[in-house]
Amino acid sequence: MSAALGLFRLQQVDRQMDQTLARLNVIQQTLGNDSELRAVLDQVEAAKAEDARAEKSLREAEAAVQSQQVKIEQAESSLYGGRVHNPKELQDLQSDIAALKRFLSTLEERQLESMLAAETAQAALQHAESALTELQSRRGSEHSLLIGEQASLSKKVERLQVERQAAANDIPAPSRELYERLRQQRRGIAVAEVTDNTCSACGTPVTAALQQSARSTTQITHCSSCGRILYAN
């Protein structure tokens, strides 16, 4: 077995490990990210507050109309009840009743406006709550799938760790140190396979002599351009 073959096999395991850990990180971020849910919850809370305000305003408008109607009834009772006989007092009562009725019209307009505002606020609240229910349902389904994938990938990491340990045990310490150093320097790719007489990592042509050297069981050969370890089967 060439000196580079063991390192190439170790890199294959490490590449799978890197991809698996990267996916696990994405899943963890997705499961922990509640910004969308928080935004919808904020909308629901704002809609609830507006609905409560509109309902309070409507109750106050309704109470004002009812109070005004009672005042009118009392004034009309005095006017038509036969207890007042003085023409001046009767005239004043008629004027008061006319003023009370004019203001009642104003209060009824305010009540109508409050009623429309309350209906709008209620519709907005229902819309926000529906959006929340839909989001929670969708996230629940998505999260269920992600949690299942997370468990599967975690088991895969455990298996790859065992494979990596087995692969690393067959490699001399100096070669492992060189491999780890190149992995850090070359974005995770320390070993480049020779493919079609070129370095698969950087595309530099590899001479026949270098390819033969890369098959050596005792020495490690580097790409003349990128410096990665060359592996030739």
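The values are calculated or read from the model by the stated rules, or taken from the named source; none is laboratory data. A quick note: this is a predicted structure, and the numbers were derived from the prediction, not measured. Methodologically, a virtual Cβ is constructed for each residue, glycine included, from the backbone with ideal geometry; neighbour enumeration extends over all protein chains shown.
Screening the candidates Ala117, Ala99, Ala121, Ala63 for the property of being among the aliphatic types (A, V, I, L, M), farther than 30 Å from Val44 by Cβ and assigned by TED's automatic domain parsing to the domain that holds Val44 yields one hit, Ala99.
Suppose the filter is among the basic types (Lys, Arg) and closer than 30 Å to Gly32 by Cα; does Arg159 pass it? It is true that Arg159 is among the basic types (Lys, Arg) and closer than 30 Å to Gly32 by Cα. Among the residues making up the range 67-85, those that are surrounded by 14 or more Cβ atoms within 10 Å (Cβ to Cβ) and within 60 Å of the chain's Cα centre (by Cα) are Gln68, Gln69, Lys71, Ile72. Restricting attention to the range 1-17, which residues are in a helix (DSSP H, G or I), more than 37 Å from the chain's Cα centre (by Cα) and of a type outside the set (A, V, I, L, M, F, W, C)? Correct list: Gly6, Arg9.
Yes or no, residue by residue, for (1) farther than 30 Å from Glu113 by Cα; (2) β-branched (Val, Ile, Thr); (3) in the same structural domain as Arg139 (by TED's automatic domain parsing); (4) touching a strand residue (DSSP E or B) at 6+ places or on another chain (Cβ under 6 Å):
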position	(1), (2), (3), (4)
Arg15	yes, no, yes, no
Leu24	yes, no, yes, no
Thr30	yes, yes, yes, no
Asp42	no, no, yes, no
Ala49	no, no, yes, no
Ala52	no, no, yes, no
Lys56	no, no, yes, no
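Among the criteria (1) outside any helix (DSSP H, G or I); (2) under 33 Å from the mean Cα position of the chain (by Cα), the one Ser154 does not fulfil is (1). From the list Ala192, Ala173, Ala168, Ala208, the lone residue that is buried (at least 17 other Cβ atoms within 10 Å of the Cβ) and either out of contact with any Ser or Thr (no Cβ under 6 Å at 6 or more places or on another chain) or at pLDDT below 95 (or both) is Ala168.
Determine whether the range 28-38 contains at least one residue that is part of a helix (DSSP H, G or I), among the aliphatic types (A, V, I, L, M) and crowded, with 16+ Cβ neighbours inside 10 Å. The answer is no, given that none of the residues of the range 28-38 is part of a helix (DSSP H, G or I), among the aliphatic types (A, V, I, L, M) and crowded, with 16+ Cβ neighbours inside 10 Å.
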